[in-house]
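Right, one structure below, let's go through it.
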Amino acid sequence: MKLIESKQIRSTYSALARRYGDIFHLSALGQHTVVINTLEVAEELFSRRSHIYSDRIENPMLNLMGWGRTAAVFLPYGEIWRAHRRLFQQGFSTSVIRTSCHHILSEKIHRFLCNLLDDPEDFLHHVELMLGAVVLKYVYGRDIDVSAREDVLFSAATRSARAAGEAVMPGRWLVNSLPALQFLPEWFPGCYFRSVAREVKECVKQIIDGGYEEALRCMETDSFVKTLEATKTRHDTGQIARKVCGTAYAAAAETSRTTLATFFLLMREHPEVQRRAQQEMTEVIGANRLPDFSDRAALPYVQAVYLEVMRWMPALPFAVPHTTSEDDVYMGYYIPKGSMVIGNIWAMLNDENKYPDPRAFKPERFLTPEGKLLAKDTDINSILAYGFGRRLCPGRHFADAFVWHVMASVLAGFNIGSSKENDSQGKDGLEDVFNEGLVSHTAPFECSIAPRTLEVADLIRNQIL
Ligand code: HEM
């Protein structure tokens, strides 16, 4: 019972944005959807009127999957959601990331670089395993063997995160428009959605309970679970903590994977960008070590590469739809309570006036002619790919540190090119690699990845952390 293919959503909304401008309204089966296409309107509604524009819509498919009352992402605006956000703040603030997470990132990224040396063709798989290794270690204190092909928790998180992403796209599942369908039995014709939901629910249960239980059994290891247990109040049953941990894993998985896959794809097509980033690193840190967090401020071009990857293909091109909790009027438009309000990040990041020639990949657009970062782009909160207002991604400091460090390390260590003479889709066809769901997921693609020099390969293998 699919209404529209998710593949069409980005192109459909882009065409409507071009035709109707800053903001437009759609209505289907009594559901009002407002799409915001400029940063100015987004700031007014999501930030200045955030008390009205921070709710989420009730989503029967997510409830059937077990996500609806579990993940902060989908919780209605209110006290329970606030309790989730507080725990995210406790575990994923800049200072906590610096003190408790940088060493985990360095260790797992180093392992990833070794995997790239040994088996470069499987780079996307190594990206996924690195992600799993980082988040599992930080949240649950659990080491996974990154040479293992499958990790049960990671597969469950990936499957359930992907399914959740689809479930919030308008029109993806008919049961969201006709909630009465959720009461029909699974065998009823057209109730395929129920078997999908049942399968996903198992995965959700696995990540929420499985990881936490395991962490409780080995409390001698440092982990976010250990911190949460130590600070738990008498009234807290630990349910929110479990959900926050499970959600962190699922929220990190798809978004970060997409961002890093986009990075590899764009580097494959842009050797000149790699050369300039590598030259900057050689000048700043020399050839005898790999970059680390302390080098970040001195590497503006590498930072510009990161910002341009986040702009060129935001992992969530429509963020996660917000909902109004009261009636509102904006510029003479009446926006009723319960309207779904979509921040069209894609349109904002392709605004010709702000990003001339927006589909071209040009890191230098974030730099002054002297090669310094533009002042407006130095704050992480200016990265639109992390969403809006009170629902702004609470994992952004973690993602920012992780994604930057991976990009800098790969650029320092490797050259990325096409695997065959004519393997490249050509710069114009690159977007075809991405599906157009809520999360811009990539299909598999090929790259040739080789160490820049024998010396750098040795440096990676012998790096002491
Ligand atoms: C490159 C990586 C990431 C990107 C691009 C990203 C992007 C986003 C976006 C666009 C939203 C929706 C904001 C809105 O509704 O306006 C969001 C929400 C969220 N993200 Fe992230 N995210 C990333 C990584 C992470 C990580 C690593 C975590 C966990 C530690 C995380 C946890 C969350 C949560 C819990 C929410 C829901 C917030 C709420 O509804 O209050 N994200 N993210």
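Simple rule: put +1 on each Lys or Arg Cβ and -1 on each Asp or Glu Cβ in the chain, find the dipole, and look at Gly171, Ala241, Pro394; the Cα lying farthest toward the positive end is Ala241. Taking Cα centre as origin and charging only the Cβ of basic (Lys, Arg, +1) and acidic (Asp, Glu, -1) residues, the dipole magnitude of the chain rounds to 1140 debye. Phi angles of region 184-193 translate, via the Karplus equation with coefficients 6.51, -1.76, 1.60 and θ = phi - 60°, into HN-Hα couplings of 7, x, 4, 6, 5, x, x, 9, 3, 4 Hz per residue; Gly and Pro are given as x.
Phi angles of region 381-395 translate, via the Karplus equation with coefficients 6.51, -1.76, 1.60 and θ = phi - 60°, into HN-Hα couplings of 6, 8, 7, 4, 4, 8, x, 9, x, 6, 9, 3, 3, x, x Hz per residue; Gly and Pro are given as x. Relative to the 2.2 N^0.38 Å rule of thumb, the chain has a C-alpha radius of gyration ratio of 0.97. Let me know the shape class of region 89-248, please: from the alpha-carbon gyration tensor, a ≥ b ≥ c as square roots of the eigenvalues, rounded when a/c is under 1.5, otherwise prolate if a/b is greater than b/c, or oblate. Oblate is the answer for region 89-248, as a/c is 1.5 or above yet b/c matches or exceeds a/b. Restriction of the trypsin sites (Lys or Arg not before Pro) in region 314-392 to DSSP coil positions whose beta-carbon has at most 14 other beta-carbons within 10 angstrom yields Lys337, Lys354, Arg359, Lys372. Taking 7 Å steps out from each Cα toward its Cβ at Trp187 and Glu40 produces label points 6.0 nm apart. Counting Lys and Arg as +1 and Asp and Glu as -1, what is the net charge of the other residues whose Cβ lies under 10 Å from the Cβ of Gly389? So the surrounding residues net to +3. With only Cα atoms counted, region 346-386 has Rg and Dmax values of 10.7, 29 Å.
Taking the protein heavy atoms of the chain in the context of the full set of protein chains, the accessible area attributed to carbon and sulfur is 54 percent at 1.4 Å. Taking every alpha-carbon pair in region 335-465 and binning the separations at 5 Å intervals from zero gives 2, 7, 10, 16, 19, 18, 15, 8, 4, 1, 1, 1, 0 percent. Rolling a 1.4 Å probe over the protein heavy atoms gives region 6-462 an accessible area of 43 Å² per residue.
For the chain, the share of DSSP beta bridges that are antiparallel, to the nearest 5, is 80%.
A cut-off of 5 Å between modelled amide H atoms, ignoring neighbours fewer than 5 places along the same chain, links Leu367 with Leu374.
When only DSSP loop residues count, what trypsin sites (Lys or Arg not before Pro) in region 195-258 have their Cβ near at most 10 other Cβ atoms within 10 Å? Taking region 195-258 and a limit of 10 other Cβ atoms within 10 Å, the loop trypsin sites (Lys or Arg not before Pro) found are Arg234.
Within region 271-380, the GluC sites (Glu not before Pro) that combine a DSSP coil assignment with at most 13 other C-beta atoms in a 10 angstrom radius are Glu326, Glu352, Glu370. 3J(HN,Hα) along region 73-90, derived from phi through the Karplus expression 6.51 cos²θ - 1.76 cosθ + 1.60 where θ = phi - 60°, amounts to 3, 10, 6, x, 4, x, 5, 5, 4, 4, 4, 4, 4, 4, 5, 4, 4, 4 Hz, with x in place of Gly and Pro. Estimated purely from DSSP H runs of n ≥ 4, each contributing -39500 (n - 2.57), the mean residue ellipticity at 222 nm for the chain is -13500 deg cm²/dmol once divided by its residues. Considering the options Gln274, Leu290, Val34, tell which one lies farthest towards the positive end of the dipole of the chain, charges being +1 on Lys and Arg and -1 on Asp and Glu at the Cβ, about the Cα centre. It is Val34. Can you find, among Ala71, Ser256, Ser160, the residue sitting farthest towards the positive end of the charge dipole of the chain, where Lys and Arg contribute +1 and Asp and Glu -1 at Cβ? In the chain, that residue is Ala71. Near the amide H of His441, within less than 5 Å, lie the amide hydrogens of Asn435, all on another chain or at least 5 residues away, with H placed in the peptide plane.
Taken as Cα centroids, region 27-74 and region 145-223 sit 21 Å apart, rounded to the nearest whole angstrom.
The values are calculated or read from the model by the stated rules, or taken from the named source; none is laboratory data. Owing to the predicted nature of the structure, the values given are computational and were not obtained by experimental measurement. Heads up, the Cβs are rebuilt from the backbone with ideal geometry, glycines too, and the neighbour counts pull from every protein chain shown. The protein model used for the area step is the full one, side chains on, heavy atoms only, and it has no ligands, DNA or RNA in it. Shrake-Rupley method; radii C 1.70, N 1.55, O 1.52, S 1.80 Å.
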